[in-house]
Amino acid sequence: MIRGLVLAGGRSLRFGSDKALALYEGTSFLDRAVSLLASLELKPIVVTRQGANYPLAGCAVIYDKLFEKGPLGGLYTAMSVFKNTAFLVVPCDMPALTPLVLSDLLAAHEPHFGITVYSTESGIQPFPGLYEPSLFEVVRNKLRQEDLSVHDVLDSVPAKKVMNWKGDREIFCNVNYRKDLTRR
């Protein structure tokens, strides 16, 4: 089983307010990411920090089990709650993602690959990415070592599928500052 996972646990310090609730083309980043995954029938789950309140009809919201462990902590939380589930993971702050980008990942993925991701000329892009439950121990061990880098997880997994992206690199851009919104 594959489910959609939206990472929305950051504190948005650089952005200045809760980024998940920020509007982009009339829709919040969070609603946009959830809708994108729902359009692919992936039963979205949102993982966020303790104290965040994101009421979404028909969407599970779970809270980070580990405090301030970034995207890796969010992935760990989802994997520990929804065991034996693969996740198509998107951060809430990548508004240029499209259903086609995600459906291509889904179509290319094979379960014996622990991870399926894209690569651009600047390197492997961890998100969006498809992460299998077989990675749980790798993720947990990285967190125990305080190694919070998703790239280090990607490097440590020999069975991964990396798809070469030939389209616009803007697809993979995160919005970290309010000024990033004006460039779109």
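The values are calculated or read from the model by the stated rules, or taken from the named source; none is laboratory data. From a predicted model like this one, the values you see are computed outputs, not experimental measurements. Cβ placement follows ideal geometry from the backbone for every residue including glycine, while neighbour counts extend to all protein chains displayed.
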Checklist (1) part of a loop (DSSP other than H, G, I, E, B); (2) in contact (Cβ under 8 Å) with a residue 60 or more places away in the chain; (3) over 17 Å from the mean Cα position of the chain (by Cα) applied to VAL175, failing item: (3)
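Based on what the data block shows, is TYR118 of a type in the set (Phe, Trp, Tyr), within 17 Å of VAL139 (Cβ to Cβ) and either in a helix (DSSP H, G or I) or touching a residue at least 12 places away in the same chain (Cβ under 8 Å) (or both)?
Numbers: of a type in the set (Phe, Trp, Tyr): yes; within 17 Å of VAL139 (Cβ to Cβ): no; either in a helix (DSSP H, G or I) or touching a residue at least 12 places away in the same chain (Cβ under 8 Å) (or both): yes.
No; evaluated as a whole, the condition is false for this residue.
Only one of GLU170, GLU121 is within 26 Å of SER28 (Cβ to Cβ) and either surrounded by fewer than 16 Cβ atoms within 10 Å (Cβ to Cβ) or out of contact with any strand residue (DSSP E or B) (no Cβ under 8 Å at 6 or more places or on another chain) (or both); which?
Numbers: GLU121 fails: within 26 Å of SER28 (Cβ to Cβ).
Just a single option satisfies the conditions, and that option is GLU170.
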Return yes when GLU110 is part of a loop (DSSP other than H, G, I, E, B), without any contact (Cβ under 8 Å) to a residue 60 or more places away in the chain, of a type outside the set (Lys, Arg) and surrounded by fewer than 19 Cβ atoms within 10 Å (Cβ to Cβ) and no when it is not. yes
For region 16-33, check the following and say yes or no: at least one residue is assigned to a loop (DSSP other than H, G, I, E, B), out of contact with any Ser or Thr (no Cβ under 9 Å at 6 or more places or on another chain) and modelled with pLDDT under 80. yes
Test VAL162 against the stated conditions and say whether it is outside any helix (DSSP H, G or I), in contact with a strand residue (DSSP E or B) (Cβ under 9 Å, 6 or more places away or on another chain) and not hydroxyl-bearing (Ser, Thr, Tyr). yes
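From LEU130, LEU154, LEU135, LEU143, which residue is touching a Phe, Trp or Tyr at 6+ places or on another chain (Cβ under 8 Å), part of a helix (DSSP H, G or I) and crowded, with 17+ Cβ neighbours inside 10 Å? Let's see the steps before the verdict.
Working: LEU130 fails: part of a helix (DSSP H, G or I); LEU154 fails: touching a Phe, Trp or Tyr at 6+ places or on another chain (Cβ under 8 Å); LEU135 fails: touching a Phe, Trp or Tyr at 6+ places or on another chain (Cβ under 8 Å).
Exactly one of LEU130, LEU154, LEU135, LEU143 is touching a Phe, Trp or Tyr at 6+ places or on another chain (Cβ under 8 Å), part of a helix (DSSP H, G or I) and crowded, with 17+ Cβ neighbours inside 10 Å, namely LEU143.
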Suppose the filter is over 21 Å from VAL175 (Cβ atoms) and either charged (D, E, K, R) or surrounded by fewer than 21 Cβ atoms within 10 Å (Cβ to Cβ) (or both); does ALA96 pass it? no
Can you find, within region 46-91, the residue that is nearest to ALA8 (Cα to Cα) among those that are in contact (Cβ under 8 Å) with a residue 40 or more places away in the chain and basic (Lys, Arg)? ARG49
Considering residues that are out of contact with any Lys or Arg (no Cβ under 6 Å at 6 or more places or on another chain) and either modelled with pLDDT under 85 or outside any strand (DSSP E or B) (or both), the number found within region 1-14 is 5
What tally of residues in region 64-90 results from selecting those that are out of contact with any helix residue (DSSP H, G or I) (no Cβ under 7 Å at 6 or more places or on another chain) and surrounded by 15 or more Cβ atoms within 10 Å (Cβ to Cβ)? 5
